[in-house]
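Nothing in this text is a laboratory measurement; each read-out follows from the coordinates by a stated rule. The structure displayed is predicted, hence computed values, not measured ones. Don't worry about glycine lacking a Cβ; one is built from the backbone with ideal geometry, like all the others, and counts go over all protein chains shown.
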2 protein chains.
Amino acid sequence: MTASPRPRFHYTVHARDGRARTGTLAMARGDIATPAFMPVGTAATVKGMLPEQVRATGADILLGNTYHLMLRPGAERVAALGGLHGFMNWDRPILTDSGGFQVMSLTDLRKLTEEGVTFRSHLDGTKHLLTPERSMEIQRLLGSDIVMAFDECTPFPASHDQARTSMELSMRWAARSRAGFDAGGDHAARAALFGIVQGGVYEDLRARSAEALQAIGFDGYAVGGLAVGEGQDLMFQTLDHTVPHLPDDAPRYLMGVGKPDDIVGAVCRGIDMFDCVLPTRSGRTGQAFTFAGPVTLKNARHRDDPRPLDPRVASPAAAYSRAYLHHLVKAGEMLGAILLTWHNLAFYQTLMAELRQAIADNRLDAYAEAFLAGYRGGDIEPL
Amino acid sequence: MTASPRPRFHYTVHARDGRARTGTLAMARGDIATPAFMPVGTAATVKGMLPEQVRATGADILLGNTYHLMLRPGAERVAALGGLHGFMNWDRPILTDSGGFQVMSLTDLRKLTEEGVTFRSHLDGTKHLLTPERSMEIQRLLGSDIVMAFDECTPFPASHDQARTSMELSMRWAARSRAGFDAGGDHAARAALFGIVQGGVYEDLRARSAEALQAIGFDGYAVGGLAVGEGQDLMFQTLDHTVPHLPDDAPRYLMGVGKPDDIVGAVCRGIDMFDCVLPTRSGRTGQAFTFAGPVTLKNARHRDDPRPLDPRVASPAAAYSRAYLHHLVKAGEMLGAILLTWHNLAFYQTLMAELRQAIADNRLDAYAEAFLAGYRGGDIEPL
């Protein structure tokens, strides 16, 4: 008897609660429990963490950034060194973004045409062209498990006309991404491709975008262009009118989100996957997430506090007092950034595990209400 | 049957080879295999490492810096938070220096008198007085296992007169340190006190200093005032004429040393304990130690190199290519500093374990010769 080969991509919903679902996304490199939070490993590293430590927090999948990796160390070099998995020593699934968002937000002198985006590297000023086809090629060279279509992230605010023009370009690029991905041979047979819904905060445009993507056909559907300054209310409204247009049997990914309360609200609205730099970036700047709200460790009130950060969050940081963490942050010690990053990733994964359990138990509304009451009313300090 | 209580301080020599010895220093908080390398945890953290990771490299004991800890977070605060062991989550032995060296090297406007040293903090300019008695009190508040006498580290170069005057002051301070330590009640019953031989590069002064310390009586004897610019030849000469004046049944500690080849030479000359920031500081600046010599990871020659740093050194860094480490260092990623620090500490502990085995096997000269041939003739790059 031989083991069955693992599926390329198979999404199973185990339980539903309102619009929320909990399930398993089975892929060649491993299973992903949803709703899932994906730590961000921009430059082939989750900053300050070893991959086995990230895994130990409960992460099933990481995100890598195409834009950063194409510039340094270069996609062809990563491919020669075993792909992103071998290069960074992570053997479970990796989702890569398309580079579209960073090209528009991090570069100067960029020029957007129907063909793609010409830009200068923020590292050395060299000129590059990123197109749907090249983005697919780079993500294939990296060995990505979940490839994102190349799109334009519509800025906020945008008029209806601007949002429509931008969305329509993204839909043409989505079709070219699909074709580019499918031309990828072996890689296309092992990896998955997600489309990205755009349309700003306009319901009709989001609906048209969702339909256009389904006409092309993708393994999963991302909601893009949110968490770009529109605020939580407008983000939730947009999810409320976008999610119903997405297929029920495919995973839904809200890109770049978010704060813990953003995630709780988005899970209630039917989102299955998230990524955000907040837990790692906050950890490096002395901020810890707890179920009683965020904590600013630099604050002198922690100087003599013998308590750990949060008894509900298991990580090596739990062995240390707030006083010690305060000391590390004040002294600019690397270990402060390491422990807070680790704690924050563990906090996010604990939150996701609790959300999955609450959905399975059909008590998500009560869980969300209790979470928000504790998070907003607890030991909170402004971030 | 109950377990025997652990000894306060008991040094056993297991084997000798020329002047070199290998043995076990048994203390209340654990055994220390000698020759031993003590990683430096200046501000209650070995920079970039969790204590359990430092332990996993083979470290039996850490060093903490009295000067840094007295200023931030403060010795009384550390005492209230469980002592240095509880504060930083390390339950094995800790050696603390006296603060004397850093007071003279890191502060401005310092004034040295018979009483002690008045100085301004390098952190906030506040004025402090450090004396032998206060140094003993601080080390007691920290809960140090091996307390160092308060001394003046004689600068290099120094005339015979300067070195003599400085040494004689250190010997008077050594007697006051002994008295201050002995007045420490419970702590004195659990901890050990080391004296520090001074005298610059002058044989007669070193001999007089060693005799003066033995007249006072200490648990161990350190050689101070070396690795301050005199060079390896003069350091080894000074060890050659100092070690014979030290008692054979007590451990000998060469402070602040050093490079791998310094350590090999000093072990051959009868030294049992070492500390140095080199493995940690070098790790943070992209330097790796290997048995084929130091490696500068930033160098472009590593860009496509799939080999690990050194197959003889076991640490998590062994899972990564030089190309990946090069990428991390070039990108300024924390993980580069973490992996190189970890590797370097593992390299130092591997070297110490090999030295202990070579002494036990009575083949230290052959080991040292082979080490130096490989280290100086191998894959070397200038540090």
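Some points to look at:
- Centre separation in Å (Cα based) which lies between the stretch A:20-43 and the stretch B:178-247: 59 Å
- Two-decimal Rg to Rh for chain A - Kirkwood Rh, Cα set: 0.96
- Estimated distance in nm for a label pair at B:Leu372 and B:Glu115, the labels positioned 7 Å out from Cα along Cα-to-Cβ: 4.9 nm
- Residue among A:Gly185, A:Phe101, A:Gln139 farthest towards the positive dipole end of the stretch A:98-189, charges placed on Cβ: A:Phe101
- Between B:Ala353 and B:Ala215, the modelled labels are 4.5 nm apart [label points 7 Å from Cα along Cα→Cβ].
- DSSP assigns beta bridges within chain A; of those with both partners inside it, close to 50 percent run antiparallel.
- Sequence-distant residues sharing a close amide H with B:Asp275 (under 5 Å, placed H): B:Met38, B:Gly256, B:Val257
- Each copy carries B:Ala189; placing its label point 7 Å along the C-beta direction from Cα gives inter-copy distances of 7.6 nm, listed from smallest up.
- Checking the cross-link pairs A:Lys330/B:Lys111; B:Lys47/B:Lys127; A:Lys47/A:Lys111; A:Lys47/A:Lys127; A:Lys47/B:Lys330 against a 24 Å limit on the alpha carbon distance flags A:Lys330/B:Lys111; B:Lys47/B:Lys127; A:Lys47/A:Lys111; A:Lys47/A:Lys127 as lying beyond it.
- In this structure, B:Leu234 and B:Thr126 have a Cβ-Cβ separation that, at R0 = 41 Å, corresponds to a calculated FRET efficiency of about 0.65.
- Counting only other chain Cβ atoms within 10 Å of each residue's Cβ, the peptide B:88-96 averages 1.
- Computed FRET value (nearest 0.05) for A:Asp261 with B:Ser105, which takes r as the C-beta separation and R₀ as 56 Å: 0.70
- Lys, Arg +1 and Asp, Glu -1 on Cβ, resulting dipole of the protein assembly as shown about Cα centre, debye, nearest 20: 160 debye
- Chain B, dipole about Cα centre (Lys/Arg Cβ +1, Asp/Glu Cβ -1), debye to the nearest 20: 860 debye
- Multiplying the residue separation of A:Ala314 and A:Lys298 by 0.36 nm and subtracting their alpha-carbon distance yields 3.6 nm.
- Listed values for the stretch A:34-44 are Karplus-derived 3J(HN,Hα) couplings in whole Hz (6.51 cos²θ - 1.76 cosθ + 1.60, θ = phi - 60°), namely 10, x, 10, 10, 9, x, 9, x, 3, 9, 6, and x replaces Gly and Pro.
- For peptides A:58-69, B:313-324, sequence by mean Cβ density within 10 Å, most packed first: A:58-69, B:313-324
- Peptide A:73-80 - average C-beta neighbours from other chains (10 Å radius): 3
- Averaged over the residues of peptide B:320-333, the number of Cβ atoms from other protein chains lying within 10 Å of each residue's Cβ is 5.
- Each DSSP beta bridge with both residues in the stretch B:179-302 is either parallel or antiparallel, and the antiparallel ones are about 20%.
- Approximate spin-label separation B:Ala360-A:Glu52, in nm, with each point projected 7 Å along Cα-to-Cβ: 2.5 nm
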